[in-house]
Amino acid sequence: MPKTAIKLNVNGKAEDLLVEPRELLIYVLREKLNLTGPHVGCETSHCGACTVEIDGKSVKSCTMFAVQADGAEITTIEGLSTPDNLHVLQRMFREHHGLQCGYCTPGMIMRAHRLLQENPNPTEEDVRFGIAGNLCRCTGYQNIVKSILAAAAEINAAQEAAE
Amino acid sequence: MDLQDEILIPTPIETVYAALNDPEILQDSIPGCEELIKHSDTELEAKVTLKIGPVKARFNGNVTLNPEDPPRRFSLTGEGSGGAAGFAKGGATVELEQQPDGQTLLRYQARAEIGGKLAQLGSRLIQGTAKKLAAKFFSNFSEAVQVRENS
Amino acid sequence: MIPAAFEYHRPSDIEAALGLLQTHGDEARVLAGGHSLIPMMKLRMAAIEHLIDLRDIAGLRDIRIDGTTIRIGAMVTQADLITHDGLARTAPILREAALQIADPQVRYMGTVGGNVANGDPGNDMPGLMQALDAVFTLAGPDGDRDVAARDFYESAYMTAREDDEILTGIRFDATAGGYAYEKQKRKIGDYATAAAAVLITREGGCVKSASVAMTNLADTPIWSRAAAEALLGSSCDADAIRAATTAALADIDPTEDNRGPVEFKRHVAGIIISRAIARAWSRA
Amino acid sequence: MNDMTPDRDDRIANLKGMGCARKRVEDVRFTQGKGNYVDDIKLAGMLHGDFVRSPYAHARVKSINTDAALALPGVIAVLTAKDLEPLNLHWMPTLAGDKQMVLADGKVLFQGQEVAFVVAEDRYIAADAVELVEVEYEDLPVLTDPFAALQSDVVLREDLAGQDSGAHGPRRHHNHIFLWEEGDKDATEQVLDSAEVVAEEMIYYHRTHPCPLETCGAVASMDKVNGKLTLWGTFQAPHVVRTVASLLSGIEEHNIRVVSPDIGGGFGNKVGVYPGYICSIVASIVTGRPVKWVEDRMENLMATAFARDYWMQGKIAATKDGKITGLWCHVTADHGAFDACADPTKFPAGFFHICTGSYDIPVAYVGVDGVYTNKAPGGVAYRCSFRVTEAAYFIERMIEVLAIELGMDAAELRAKNFIRADQFPYTSALGWEYDSGDYHTAWTKALDAVDYAGLRREQADRVAAFKRGETRKLMGIGLTHFTEIVGAGPVKNCDILGMGMFDSCEIRIHPTGSAIARLGTISQGQGHATTFAQILATEIGIPADSITIEEGDTDTAPYGLGTYGSRSTPVAGAATAMAGRKIRAKAQMIAAYLLEVHDNDVEFDIDRFVVKGVPERFKTMKEIAYAAYNQAIPGIEPGLEAVSYYDPPNMTYPFGAYICVMELDVDTGEHEIRQFYALDDCGTRINPMVIEGQVHGGLTEALAIAMGQEIAYDEMGNCKTGTLMDFFLPTAWETPNYTTDHTETPSPHHPIGAKGVGESPNVGGVPAFSNAVHDAFRAFGLRHAHMPHDHWRIWKIANQLGLHG
């Protein structure tokens, strides 16, 4: 099958790629761009371990062909922060024990990140509804919800202080 | 999975019965049938492409006809493999009843078993689809019989 | 899970898309949000040789409200429905239903057009469109044609859309009065065990108009004329709701699956329909 | 020295030792997407393997034609049983003493069974080639019901035909695997015959699956130049995999390196040895290139490691006033096509004979019949110690049924029969020595915490309101008091395939006073790198932050049996403490030398040795470490290292009291968890934060199992729950908040008194949820209904009780 040339902007970096149309975005990210943060979990768009941000939307990258993303801006967990300057969500997940095996974590944090962009003051119910596309087998979610609410509080406090 | 229904065909019972044994009519009637090869009077080989929405599976199968009690009763069994999609097997019993107005009442009872991915992934849709396909077969069949009768 | 190879097309207008459909016939399929189709391709249940992505076609993402007529392009996503202020005013049942579809990620990608055109009895929008008495616009080689939602569905995955047509948009009138989309599911994101869409207007203390539709209770969405008739002119009291529910149940034909046996589904359908009617009435 | 000086508190805090809620060191990489899981491994020239699997549950394989697949450009090889046979690898031994086909040898016995292994340049070509392998099947009658299988003429395992004895004794039918019995059958039956009250019930614990978010996979790389095989994989027991790989392949064990990298959840799924591992190894040997195999979700659910599927027939005898006098149990255990249970070899039904639970039952009998059916093999401990979950569910359901029979409150019945604190160590009628416990204290604390009496009053009001037609919702109070048995285990009775179930820790203190410790276990999310460092910090006085914990690489880690059955803390945790004590003993001698006093004149104090009575004279562990390497000390070797292989004298017996309050809609079958209180006693608590996280997670897995999760088959043997559409994993939306609590009864034989906790919430959670469902309907005459309690099954209960009018 002939390959198609696509352009992606991934974590702020322009990437020119040649892909087969059937290549799923998750594999292109993981295997061509070596961004192994997003994971493959269920493959039928139920678990959200592959969640990345595309043009301001949370997307399950296992259910999207890379060719569909041509021209898109993509952020993966690797683009959320630098090791010296972690995102508040990353800090809060650690602070509140919001992860165990770590497999769902990159997708979960990316989803939480978009959720807080859209709803900076979520209730517990908002958070639970907002991360319903992400499965975790280890934590029972209680501490994930706590982590996200704590992150929201910290972001809001910082903003208030700045104002 | 069990399916049953009846259909009224405006032709005499003998014509209908003969048509049930006619590979050409069967091929025209079976939805998606691409080829029906007759190996003997009762042994047929069929190639059928099943297309339902996004699903497309090509089945290769064998059909055994059993003209039990002509022209009143007829049965068949078959099995087919659809490769990665799975497999199917089943059978049907057809009973014909001459009506006073010259029409024939065709009553069928079919049973089908689906295996493999089709059954695993499509179980919520299989029953309805099978019902539709059976209905389609018999309406095609009724049409084909009438075309034959009129030609 | 790796899909079989295919050729990808991204036409920039509907004519080009239709041309591709004509050229490739049965081997081609249009791609909207992809969240039904791509999993089927990955499972190799769908073998598609030409995938025609509609994302670059102008106009398909529009939501237009002209007076009381609402037009929604096929590529409008569930997320768009949820966040659109105009729709919240003119047809709030859309938001209520869309929020009960899948999960946030899927709603960003999943489109109205894909949801209604796919013909899966589990999809929620087709039932809703029955209730709204929507009209679907199909673009084809001979131009556009309209098909009423209530005439569109034939059986699972089988619809009035011909292979060389593309569903480009839907149109319906703004709703007035009360509404409810009630859905029971095994867990969030699941197809309905039973779901009902109800619209009711009120005059004095009585039902002036009603529309009752159901999801995943037959191999097509069901609109129950009899259920609506049972409500008309009534005060939507317990007896009227019971009569409407009985009428609606006569129109469904659920099948057994992992969600439960037929008997259970019928019972739950009755509960869900009654609740939807009661809630719609309470908002009327 | 004043113990309360701030200086001392600071020193303790600085260590981040046992008892402190230390933040996890693992999280730094996981939150940044820098975990390293099997599918993240990418080697030069790596090939991809993919399986052709059977769509049939039972069929003769008449032919396999690989020509078309081999003709596809990019396909390197297609392996079938014929290719593996010369290597004697077409079958492999199972952990339960049976054998299992690696690739279909003449027939297939379950849907999804591995038939051929395709090896190709990339995963895309491999998937295409799988479709091109033509397999001709002839279908055979399918047996999915173990009771029917024992009556059927159909022979499932033709390879065993004529063998009237298996790994666990006589087989009485061609589909029978074993009968395993414990306890005193005659005495138990006598008690039942003469008992005042006998309650009898069939309790089914349905088939389910651990379903970690990461599926199973492996990367095998045979370096033909050096003759060394490296195998990365999702292994909960990497050392066992190395030994088994060596025994099977003939490659000497020093030439095999097995690495478990980060593991995305295990829950028992990753204990077993799967055909994919074997085929990857063979393919790498054949091709001379690295080969990766990672299963997809459907393959995971269809073919690897189911759990449970136990039909438990129970009889429980009691006096009229509720004193239990005997327990009888017969299990029909559906093992699927091959007996691939993960159990210690001497226990073909694992530790199921802990089924007397928390109760002082004078006489008991258990018999377990293992049966072959056309279902996937496995029988793993899904977040539990071997078959303990089944046992706990069985006894906690039987107690409820007995309470109904007696017309007694189930909480009171439990309290009346608990083993008393003064009876420990307690030997059960089925032979276990419970090390410690204080059940009454825990039970009272739990009942008080939820205001049990108040809940019962509310429930009575609700029943009355329901009967008056004012509500359609019922309220259930699910009670459970469970006793786990974990920490397998003493080598004297616990081994897997002859490998004794000890575990190990090796510590090296570096000259500047930091350290690395390696263990024979492997974390799958439990946080070993965090908690084991805490044990060591307390034991050797070096801050946890200065200790690296490493696991999972057989070239560097000491031999151990791995992580499952909550054995890491009881066994490897003990080894860690013991190795730490060896370090401390040597450090004491060094300190004494440096302080110029006799060995016995110094004592350990948090992070240093001090001269007794002269607290200002001390040497810190940091100073001691430096001296150990750099100072000539007469009679003492340089260096500061230790290793401990710990063979525990007994299991540990964590326990807990769980109470679940649930609302049920009798019309829709929907439920709402209103409250869940979980009190766990896991002995000494190493890290309360991690314990709480384990409890939340285990309860959520229990919620899933009790309320909807199952591996279901139709009559043709089609697995109906092969994707996450149908296999229920709850989201944040369906999951409640839990209240956790604890008592602390240290294990008397464990060096630090810890018992393990990871699996308790799953063991105790399932009966708590299930009992809540049952309890809601008790007033209407329900005795027992099978799990999972999904909507339609709850509706069915209500329907059968006539609650739908």
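Each row is one residue, and each column tells you yes or no for (1) in the same structural domain as D:Glu299 (by TED's automatic domain parsing); (2) under 24 Å from D:Ala349 (Cα atoms); (3) of a type outside the set (A, V, I, L, M, F, W, C); (4) surrounded by 21 or more Cβ atoms within 10 Å (Cβ to Cβ).
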residue	(1), (2), (3), (4)
D:Gln100	yes, yes, yes, yes
D:Lys107	yes, no, yes, yes
D:Val115	yes, no, no, yes
D:Ala120	yes, no, no, yes
Among (1) within 14 Å of another protein chain (Cβ to nearest Cβ); (2) in contact with a helix residue (DSSP H, G or I) (Cβ under 9 Å, 6 or more places away or on another chain); (3) closer than 30 Å to C:Glu162 by Cβ, B:Glu113 falls short only on (3)
Among (1) in a helix (DSSP H, G or I); (2) buried (at least 20 other Cβ atoms within 10 Å of the Cβ) - the single one D:Ala148 does not satisfy: (2)
Please go through the range C:244-269 and pick out each residue that is hydroxyl-bearing (Ser, Thr, Tyr) and surrounded by fewer than 16 Cβ atoms within 10 Å (Cβ to Cβ). C:Thr246
Which of (1) buried (at least 19 other Cβ atoms within 10 Å of the Cβ); (2) away from chain B (no Cβ under 14 Å); (3) farther than 30 Å from C:Gln22 by Cβ is the odd one out, the single condition C:Leu138 does not satisfy? (3)
Please go through the range D:306-338 and give me each residue that is assigned to a loop (DSSP other than H, G, I, E, B), touching an Asp or Glu at 6+ places or on another chain (Cβ under 6 Å) and surrounded by fewer than 24 Cβ atoms within 10 Å (Cβ to Cβ), ordered by number. D:Thr319, D:Lys320
Residue by residue through the range D:29-71, note down the ones that are within 13 Å of chain A (Cβ to nearest Cβ) and in a loop (DSSP other than H, G, I, E, B). D:Thr31, D:Gln32, D:Gly33, D:Lys34, D:Gly35, D:Asn36, D:Ile41, D:Lys42, D:Leu43, D:Met46
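Here's the yes/no breakdown for (1) touching a residue at least 60 places away in the same chain (Cβ under 8 Å); (2) more than 7 Å from every other protein chain (Cβ to nearest Cβ):
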position	(1), (2)
D:Ile691	yes, yes
D:Ala702	yes, yes
D:Lys720	no, no
D:Leu724	yes, no
D:Phe728	yes, no
Here the residues within the range B:94-151 that are aliphatic (A, V, I, L, M) and not in a helix (DSSP H, G or I) are B:Val94, B:Leu96, B:Leu105, B:Leu106, B:Ala110, B:Ala112, B:Ile114
Residue within the range D:754-768 that is more than 14 Å from chain C (Cβ to nearest Cβ), in a helix (DSSP H, G or I) and surrounded by fewer than 24 Cβ atoms within 10 Å (Cβ to Cβ) present: no
Filter pass, D:Phe306 being under 30 Å from D:Thr356 (Cβ atoms), within 11 Å of chain A (Cβ to nearest Cβ) and among the hydrophobic types (A, V, I, L, M, F, W, C): no
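Could you list, in sequence order, all residues of the range C:230-243 that are more than 16 Å from C:Arg275 (Cα to Cα) and either of a type in the set (A, V, I, L, M, F, W, C) or surrounded by 15 or more Cβ atoms within 10 Å (Cβ to Cβ) (or both)? It would help to see each step written out before you state the result.
Residues of the range C:230-243 that are more than 16 Å from C:Arg275 (Cα to Cα), as a first pass: C:232-234.
Correct list: C:Leu232, C:Ser234.
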Scanning the range B:52-64 residue by residue, those surrounded by 20 or more Cβ atoms within 10 Å (Cβ to Cβ) and touching a residue at least 12 places away in the same chain (Cβ under 8 Å) turn out to be B:Ile52, B:Val55, B:Ala57, B:Phe59, B:Val63
Counting only residues in the range A:2-22 that are assigned to a loop (DSSP other than H, G, I, E, B) and at pLDDT 95 or above, the one farthest from the other protein chains (Cβ to nearest Cβ) is identified as A:Gly12
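In the same structural domain as A:Leu116 (by TED's automatic domain parsing), within 18 Å of D:Gly265 (Cβ to Cβ), among the small types (Gly, Ala, Ser) and at pLDDT 95 or above, is that true of A:Gly48?
On the way: in the same structural domain as A:Leu116 (by TED's automatic domain parsing): no; within 18 Å of D:Gly265 (Cβ to Cβ): yes; among the small types (Gly, Ala, Ser): yes; at pLDDT 95 or above: yes.
The answer is no for A:Gly48.
Determine whether the range A:112-130 contains at least one residue that is part of a loop (DSSP other than H, G, I, E, B) and under 21 Å from D:Gln694 (Cβ atoms). Walk me through how you get there before you give the answer.
Step one: of the range A:112-130, the residues part of a loop (DSSP other than H, G, I, E, B) are A:119-123.
From what is left, the residues that are under 21 Å from D:Gln694 (Cβ atoms) are none.
No, the range A:112-130 has no match at all.
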Looking only at the range D:691-713, which residues are of a type in the set (Asp, Glu) and in contact with a helix residue (DSSP H, G or I) (Cβ under 7 Å, 6 or more places away or on another chain)? D:Glu701
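Need at least 2 residues that are under 30 Å from D:Pro788 (Cα atoms) and of a type in the set (A, V, I, L, M, F, W, C) per element, so show me which strands (runs of 3 or more DSSP E) inside the range C:175-284 make the cut, counting only ones lying wholly within it. Working first, answer last.
On the way: elements: C:178-185, C:192-203, C:206-215.
Those strands (runs of 3 or more DSSP E) span C:192-203.
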Being at pLDDT 90 or above, crowded, with 17+ Cβ neighbours inside 10 Å and of a type outside the set (Val, Ile, Thr) is the requirement here; does B:Gly78 meet it? yes
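Do we have D:Ser566 as among the polar types (S, T, N, Q), over 18 Å from D:Ala237 (Cα atoms) and not assigned by TED's automatic domain parsing to the domain that holds D:Lys228 here?
Working: among the polar types (S, T, N, Q): yes; over 18 Å from D:Ala237 (Cα atoms): no; not assigned by TED's automatic domain parsing to the domain that holds D:Lys228: yes.
No, not satisfied.
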Segments classed as strands (runs of 3 or more DSSP E), wholly inside the range C:106-174, with at least 2 members that are modelled with pLDDT of 95 or more: C:135-140, C:143-148, C:166-173
As an exercise: evaluate D:Ser514 against (1) buried (at least 24 other Cβ atoms within 10 Å of the Cβ); (2) of a type in the set (S, T, N, Q); (3) at pLDDT 95 or above and give the number of the one condition it does not meet. (1)
Any idea which of (1) surrounded by fewer than 24 Cβ atoms within 10 Å (Cβ to Cβ); (2) of a type in the set (Gly, Ala, Ser); (3) touching a helix residue (DSSP H, G or I) at 6+ places or on another chain (Cβ under 8 Å) is the one D:Ala529 doesn't satisfy? (3)
Those residues of the range B:1-40 which are in contact with a helix residue (DSSP H, G or I) (Cβ under 9 Å, 6 or more places away or on another chain) and of a type in the set (Ser, Thr, Tyr), in sequence order: B:Thr11, B:Thr15, B:Ser29
Tell me whether the range D:412-422 contains one or more residues that are farther than 15 Å from D:Ser358 by Cβ and in contact with a Lys or Arg (Cβ under 9 Å, 6 or more places away or on another chain). no
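The values are calculated or read from the model by the stated rules, or taken from the named source; none is laboratory data. All of these numbers come straight from a predicted model, not from anything done at the bench. Glycine gets a Cβ as well: all are built from the backbone with ideal geometry, and neighbour counts include every protein chain shown.
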